[in-house]
Structure formats: C-alpha cells, structure tokens
Amino acid sequence: MPAPTAAELDEYAARRARLMEAVGADGIAIVPAARETVRNRDVHYRFRQDSDFWYLTGFGEPDAVAVLAPGRDGGAFVLFVRERNKEREIWDGRRAGPEGAVKTYRADQAYAAAELDRMLPALLAGRSKVFYTLGEHPEWDVKITACVREIREVSRRGPAAPTEFVALDTSLHELRLIKTPAELAALRHACAVSAQAHVRAMRASAPGVWEWQVAAEIHHEFEKHRMEPGYGSIVGGGDNACILHYTENDAQLADGDLLLIDAGGEFRGYTADITRTFPVNGRFSGPQKDVYEVVLAAQKAAIAELKPGNSSGRPHEVATRVLTEGMVALGLLQGDPDELIHTEKHRQFYMHGTGHWLGMDVHDVGRYKLQGQPRPFAEGMVMTVEPGLYIAPDAPGVDPRFRGIGIRIEDDVLVTAAGPEVLTPGVPKEVADVEALMRG
Ligand code: GLY
Ligand code: MN
Ligand code: MN
C-alpha cells in the first residue's frame with residue numbers, strides 16, 4: 001500500500017472528523033485493520049488493507065485498530081499498531097510503531113496493539129453507543145463484547161456500560177457512498193488506466209491466443225501504473241462468457257468466438273470495474289451483433305437514468321425492459337415483455353442485477369434501500385451499469401446460432417448535477433469502433 005501524501009492525510013483527518021460528528025459525544029467507533037492471510041506455509045497473500053480502516057487512516061499495516069472517541073482526554077484518534085521489532089523488520093519490512101503512528105499518521109495517541117485489551121474498559125466506559133460492525137472481525141468481536149459485559153457487571157458502582165452496538169453501515173458507509181473530489185480523482189485514474197488495459201487486451205486478442213495471455217496484458221498495464229486488479233479478472237472466450245464468475249482464464253481463443261473481459265485496476269485504494277465483449281477475430285457475426293446491439297441499447301438506456309433524484313432502482317428496471325423486448329425481437333423469448341418480466345422468464349438469459357456501488361470495494365458499501373425502497377441517486381455516487389445476456393450452449397428451445405453467446409457491457413458512472421458522467425469512455429463499445437480498433 002502506498003505511503004499517504006500530505007493531501008491524503010488531510011483528507012483522512014477530515015473523514016475522521018465527519019465520522020465523529022455521526023458518532024457523537026456519547027459514542028465511540030472501533031475500526032480494525034485487515035489481517036494477513038496465509039496462502040501456503042510461510043507465505044501470505046498480498047496484503048490489502050481493510051477499506052474502512054484505510055478510508056480513515058491511510059495506515060498500511062495489518063493487525064492495527066483505529067479508535068475514534070470524540071471528546072476523549074488525550075485526543076479522540078487513537079491508533080493501536082504493531083510494535084517496532086528489529087528482527088521482524090529485517091524479515092518482513094518496516095513498521096511505523098506507535099511513534100510513527102503519531103508522527104506520520106497523525107494519531108493523537110498510539111499504543112502497541114497488545115495494549116488494546118487493557119485499555120478497552122477505559123475507552124468504552126461511559127459511552128452508550130459502540131460503532132463497530134459485529135461479525136466481521138471475530139477475534140475483536142469476542143474481546144469487545146466481553147469488555148462490555150464486564151463494564152455492565154460493575155456498572156452499578158462505576159461508569160455506565162454501552163447499551164448499543166451500531167454497524168458502520170449507517171455512518172461510515174454513508175460517507176463512503178458519496179465520493180469526495182480526492183476520491184474521484186483516484187477513481188478517474190483507475191478508470192482511465194483500466195480502459196487502456198482493455199484496449200490493449202483487444203489488440204492482443206486473436207484466434208489461438210490463450211485467455212491467460214490476454215489477462216497478462218491487462219495485469220501488466222495495471223502494474224506499470226502501480227495498480228493491481230481490484231478483483232479477480234474474468235477473461236472468458238466463447239461459452240466461458242456464460243459463466244458469470246469465470247476466473248480460470250485457461251482456454252484458447254477460437255476463431256469466431258466472442259471474448260468477454262471483466263477487469264478493473266485499483267489505484268490508491270479505488271477500483272475500476274469494466275466489462276467489454278468483442279470478437280476474437282475482429283468481426284462480429286450476424287447473431288453476435290444482434291445480441292450485442294440489444295445489450296448495448298439496454299446499457300445506454302440504463303446509464304441515462306443515473307441522475308440526482310431518480311430512483312436507484314431505475315437502471316435495472318430500464319435495462320431489464322430493453323433486454324426483454326430485445327429477447328422477444330430475437331425470438332429468444334415469446335410473449336408480452338411485461339408478462340415475461342413479471343414472471344421472471346427473462347432471468348433465463350439475464351440473471352444478475354444491472355449495477356452496484358463502486359469505490360474502494362468493487363461491490364462498494366452504502367445501502368441500496370431506505371425504508372424498504374430503492375434510494376434516490378445523489379451527486380457523488382458512483383455505480384456500475386452492466387447489463388448482459390447469456391445464452392447457455394445447451395439452452396433449450398433456442399435458435400442454435402445464438403447458443404454459447406455471452407455478452408456483458410459494463411461502465412462506471414458518476415452521478416452529477418449535469419447528469420450521468422461515464423468514467424470509462426476510453427475503451428470503445430460501439431460495434432464499428434470495436435471492429436475498427438481490432439483492425440488497427
Ligand atoms: N467484476 C464484478 C462485477 O462486475 O460485479
Ligand atoms: Mn460490476
Ligand atoms: Mn465487472
């Protein structure tokens with residue numbers, strides 16, 4: 001994880017201040033960092049910081065905990081971090097230690113992580129609400145709930161025990177849902193490089209090339225820009241495109257096949273999420289083009305719905321409608337589109353949603369519904385728009401020319417006062433533009 005810049009550290013401080021407004025004087029927020037995960041024996045998976053923790057601190061080490069306790073004597077922002085350790089630092093790399101947590105990361109106070117157990121009772125005492133998401137960090141769940149129980153047991157004599165655990169969904173995640181200018185700058189960069197990577201993948205694709213070789217082109221483009229995949233890249237040729245979470249990427253591309261690529265790079269914590277589907281030999285066949293144009297029309301109609309005040313359920317409604325009408329026109333389904341949607345017949349070929357929030361997590365945080373209804377869009381929200389059609393190779397009763405065609409088109413879209421802004425226009429999606437790129 002990159003060391004934060006001074007501007008990023010200012011931004012993290014502003015975020016903490018905003019979260020503390022939501023937490024209030026009688027609350028406390030506890031946000032653990034990610035832990036390392038063993039890959040095999042002495043080897044760990046590449047470390048990725050927990051997004052909530054990163055959002056608030058910029059601190060890139062595992063096994064830390066951030067505590068925000070508004071009004072606390074000694075300072076509201078307390079970081080618990082790994083201690084300095086000469087031996088471990090020779091093997092595993094530098095550690096900030098408590099001193100670095102204060103000096104570099106602007107904690108008001110910092111302690112060794114092992115101190116948290118001892119300090120928890122004093123931190124929690126007298127706070128009625130604990131902003132902490134139970135169920136995500138089992139080792140901390142046990143310690144924190146045990147501590148609350150202890151305080152409760154002695155509370156007749158001492159300070160009151162917390163009465164409420166509040167998940168971070170309604171506070172921190174609502175902040176993360178609306179992107180700040182600094183977040184948008186990082187996301188725009190992630191989107192631009194990811195679009196470039198898709199262009200490179202289109203150019204590198206041809207009959208006989210293997211899916212993993214195309215994936216390598218994409219990942220090289222990310223790494224050249226100090227990025228990494230924000231999620232497992234999907235590079236699916238032919239009917240592999242009909243497997244929604246296909247990540248084996250181990251087949252050879254064949255003449256006449258389409259290739260579906262769903263890949264996005266992460267830049268300083270923010271990931272793009274782009275899908276394109278194109279012909280391996282550079283020319284769409286008639287049936288491929290027919291299905292593609294339906295998906296593209298659905299995608300454009302859905303994108304147009306991302307306006308402040310519109311229901312966030314609209315893109316899916318609109319995309320489903322355009323896709324279902326298209327499926328009827330192509331003879332994939334028979335009947336009245338409204339009835340087909342009502343009876344969910346469209347789900348044979350379109351079985352997923354049309355988009356999700358995007359940000360530090362590819363499926364980003366933020367509630368989709370308020371009071372049981374899809375929430376309205378607001379400026380600063382970013383959503384993917386990704387309709388598709390997937391006609392399984394053995395789909396019964398389907399014209400064989402359509403069998404094995406899987407198509408998804410996915411862009412990342414920012415809600416602005418002026419309307420939807422596509423953040424990923426750098427990779428073509430019109431049939432003529434895709435074919436021209438592959439000829440060039
Ligand atoms: N790449 C994951 C998704 O599109 O949701
Ligand atoms: Mn997506
Ligand atoms: Mn995707």
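Quick note: the coordinates plus some simple rules give every number you see, no bench work behind them. Keep in mind that this is a model prediction, so the values were computed, not measured. Here Cβ is always computed from backbone atoms with ideal geometry, including for glycine, and neighbour counts include all displayed protein chains.
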Listed by chain and number, the lysines with an alpha carbon less than 18 angstrom from that of LYS307, same-chain partners under 8 positions apart left out, are LYS179, LYS369
Which of the lysines could a cross-linker span from LYS129 if the Cα-Cα distance has to be under 23 Å and same-chain partners fewer than 8 positions apart are dropped?
LYS143
Work from the charge dipole of segment 292-348 (Cβ charges, +1 for Lys and Arg, -1 for Asp and Glu, about the Cα centre) and give the residue of ALA319, HIS346, GLY309 farthest towards its positive end.
GLY309
Chymotrypsin sites (Phe, Trp or Tyr not before Pro) within segment 35-83: which are DSSP loop residues with at most 12 other Cβ atoms inside 10 Å?
TYR45
Pairing the Cα long axis of helix 286-303 with the longest principal axis of the chain, what angle in degrees results, from 0 to 90 and rounded to the nearest 10?
40
Between GLU136 and ALA13, 0.36 nm times their residue separation minus their Cα-Cα distance comes to what?
41.8 nm
How do 98-109, 376-387 rank on mean C-beta neighbours within 10 Å, highest first?
376-387, 98-109
If you look at just the Cα atoms of the chain, how large are its Rg and its Dmax in Å?
24.7, 80
Amide H neighbours of ILE274 at under 5 Å, excluding residues fewer than 5 places away on the same chain, with H built from the backbone geometry, are ALA263, GLY264
Sorting ILE28, ILE405 on the 10 Å Cβ count, fewest up front, what's the list?
ILE28, ILE405
Need one number: nm distance between label points at HIS363 and ARG156, each 7 Å from Cα along Cα→Cβ, rounded to one decimal.
4.7
Please list, or write none, the lysines whose alpha carbon is within less than 19 Å of the alpha carbon of LYS429, excluding same-chain residues fewer than 8 places away.
LYS289, LYS300
Cβ-placed point charges (K, R +1; D, E -1), dipole of segment 180-238 about Cα centre in debye, nearest 20
180
In the P(r) worked out for segment 137-211, what percent of Cα pairs fall beyond 18 Å?
70
Tell me, what is the percent relative contact order of segment 268-409, built from C-alpha pairs under 8 Å that lie six or more residues apart?
32
To the nearest Å, what is the center-to-center distance of segment 56-118 and segment 127-198, using C-alpha atoms only?
17
Give me log10 I(q)/I(0) at q = 0.14, 0.21 Å⁻¹ for segment 345-440, Debye formula, one equal scatterer per alpha-carbon, no solvent.
-0.74, -1.12
Value of relative contact order over the chain, rounded to a whole percent, pairs C-alpha under 8 Å and six or more apart:
13
For segment 383-440, which GluC sites (Glu not before Pro) are in a loop by DSSP, counting at most 13 other Cβ atoms within 10 Å?
GLU430
Taking Cα atoms only, helix 138-154 is inclined relative to the longest principal axis of the chain by an angle, in degrees rounded to 10, of 40
